[in-house]
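Here the structure is laid out as structure tokens; the discussion comes afterwards.
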Amino acid sequence: MTFHQFAYRNVVRNIRIYAAFFMASFFSVFVFFIYSMLMFHPKIDNGFLGNVPIVWMVVAEIILVLFTWFFIFYSMKAFLEARSKEFGILLHLGMERKQLSKLVFIETIIIGLMSIVLGVIFGYSFSKFFFMIVREILMLEELPLYLSWEPFLLTFAVYLSAFVFISMVSVQFAPQRKIIDLMKGPKGVKYTVTYTKKRAYLGVIFILLGYCLAIVTTRTTLFSFTLFIPILITFGTFYFFSDSTQYFVESLKKRRSVYWKNSRMLPLAEQTFILKNNGKMFFVVTMVSTLAFLSVGLLSTLSSYTSQYDKLNPLGLVYKGHIDNPYEGTHISSLVSQLEDKGLSYHLTRFTVIKQTSSYTKYEVEVFRESDINSLLFSYGYPMVRLSEGEGMFIPYTEESVKKLKKKAVHTVLVENNIPIKIDQVYPKLIFPSSIVSLNSIIISDEDFAKLIKPYSGYPKVEPGYHLFTFDIPQWIDTTDIGLSIQHNVSAEYLKEKYLLPYYFENAGLNYSYILSTYSLFTLVGLLVAAVFLLAAGSFIYFKLHTNLEGERRKFDVLKRMGISDNELKKLVTKHLFPQFFLPWGVALSHSLFAFIAIQKILKHVANISIVKELIFAFLFLVLIQVIYFYLIRWRYISHVRD
């Protein structure tokens, strides 16, 4: 038997240990390859696939690569520790340590090549189905399967280099202990508990402080807190698993009413050493699981926004321009012509909006005429506005603002024309998208509006008002190709340092198609990336359990000799495994929950969107997956310790 054949048979004999590592690596290659197939598709033009920037695919690829490198490195250390007894026997029989390093290198390359080849084969087989899904989601005419060397070369280059480099580095971590120590098997649990109360308290304080900052986050503090909170949570989580958990368990052990009751003594005593020896692993699992939960939660947030888009944007087309806008007539005629050519019914309303200075706030206020508003409300089927001279009404910018403005009563004067207005009511429904009107917009009677002769005091430096054209279109989803040339000019201008166009255009149907396509692509990217994270997080625990499997088997064998029943054995195994699985995932779920509390507050303030239902459903689904995974591992673990 040659050395290479020996390495191959070693892989086959240790398939139980390598299984989780192989499956996680295989799935990572599989996901990376189908992303690469989409990135290099011939339909891509100038970095766009359909209407969606391909940059998110590149980001997903980078995240997968970085995480895979870390995952392979961590896994290799666990494998080498689990096989220390085998290495001790080989060294005792005369193998040199240089040969042992070569053996580990060859075995890693064999597993790596198997996962790469099978991942690419299954990835290419799945690509046709994946393209069919993407074609329907992005509403493309066709997205055929193709054969090109780029995705194959990229996948092989990235993952083969990862396996080669990490296998060369990992052999440096091959057990360097004495042969007699190696033949005793994996290092047992270190029965020394080292923690400090200071770090134990710091872990809890950092996490709670991060949670408090998430709760008080506002739109203005979002950027600074977004940089600061992850640092607090990361250090807090590390200290929590390295010191806080040990401190809590030791405190429980001092309470005899808890520690000495029934069979709690054994699992509680074990948890002290498990938490200490696996603190780093729990920290890694928690952070990886948090990323997975955040990925799924962000998809739920996008889903909520997509489903509520029509409520937030009641108009199909909106054209807004300066009063002296020279393109106004041409643009409006073009939009009307395109709508009629497509056979779409619409209701066009023209507004003349005048800016004035409010004596109450000392800032500008946008003033709308009652009859113009009623023309649009008639199209909506909403109640009409009825105002007398001297009366005004707030225009809400979000549904949440309706409640705030309803309680507000303002006596103001439109300073430029000295017109007193009493504003003590708000229109009960959204009339315009929040991006169109300012936060300080009011409706006044036609009689008062006719008195607005003198222009805004900021004129000519500031425009004294604007013309607004709204198109209420029942079939607004079908307007994706209306006004594309105008939209292109507006989009190009936004990329410049200063917006200089005398007009602004918004197409709800086109924007919705972008949002829907982006959300759908995020769903494909996010779910697959989250699946890789969750599979790897479970694999970390799987590796650690199998590293100490021999010692655990001996321990449970002693308990069985002492007369422990089969049901009691199952209960002890459950109590033994439960914290290892659900403590890190519970902490990760808590981190994600507070992150989305902050996001919910901001979304509620900006767009009045609630993501509570979507998040509850997503997190319950994730918890269900973890419970199923726990019972699968528990079943395998019990079968091993029984042998």
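The values are calculated or read from the model by the stated rules, or taken from the named source; none is laboratory data. All values reported here derive from a predicted model rather than from experimental measurement. FYI the Cβ positions are ideal-geometry reconstructions off the backbone, even for glycines, and counts take in every protein chain you see.
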Return the residues of the stretch 364-421 that are surrounded by 17 or more Cβ atoms within 10 Å (Cβ to Cβ), closer than 27 Å to Leu348 by Cβ, among the hydrophobic types (A, V, I, L, M, F, W, C) and touching a Phe, Trp or Tyr at 6+ places or on another chain (Cβ under 9 Å); say none if nothing qualifies.
Val367, Phe368, Ile373, Leu376, Leu377, Val385, Met393, Phe394, Ile395, Val402
First in the stretch 415-439 and touching a residue at least 24 places away in the same chain (Cβ under 8 Å), second anywhere and among the basic types (Lys, Arg), Cβ under 7 Å, 6 or more apart
Glu416/Lys454; Asn417/Lys451; Asn417/Lys454; Ile419/Lys451; Val426/Lys406; Ile436/Lys320
Restricting to the stretch 492-511, count the residues that are within 12 Å of Asp481 (Cα to Cα) and at pLDDT below 85.
4
Sort through Ile229, Ile205 and tell me the only one that's modelled with pLDDT of 80 or more, surrounded by 12 or more Cβ atoms within 10 Å (Cβ to Cβ) and within 30 Å of Val65 (Cβ to Cβ).
Ile229
Matching entry among Ser491, Ser441, Ser434 (being out of contact with any Gly (no Cβ under 8 Å at 6 or more places or on another chain), over 20 Å from Thr349 (Cα atoms) and either crowded, with 16+ Cβ neighbours inside 10 Å or not aromatic (Phe, Trp, Tyr) (or both)):
Ser491
Pair list, Cβ < 6 Å and 6+ apart or interchain, from the stretch 397-411 residues that are over 9 Å from Val426 (Cα atoms) to residues that are of a type in the set (Lys, Arg)
His411/Lys422
I'd like to verify a number: residues in the stretch 462-487 that are within 26 Å of His347 (Cβ to Cβ) and at pLDDT 85 or above, how many?
15
Failed item in (1) surrounded by fewer than 16 Cβ atoms within 10 Å (Cβ to Cβ); (2) within 25 Å of Tyr503 (Cβ to Cβ); (3) in contact with an Asp or Glu (Cβ under 6 Å, 6 or more places away or on another chain), with Glu447 passing the rest
(2)
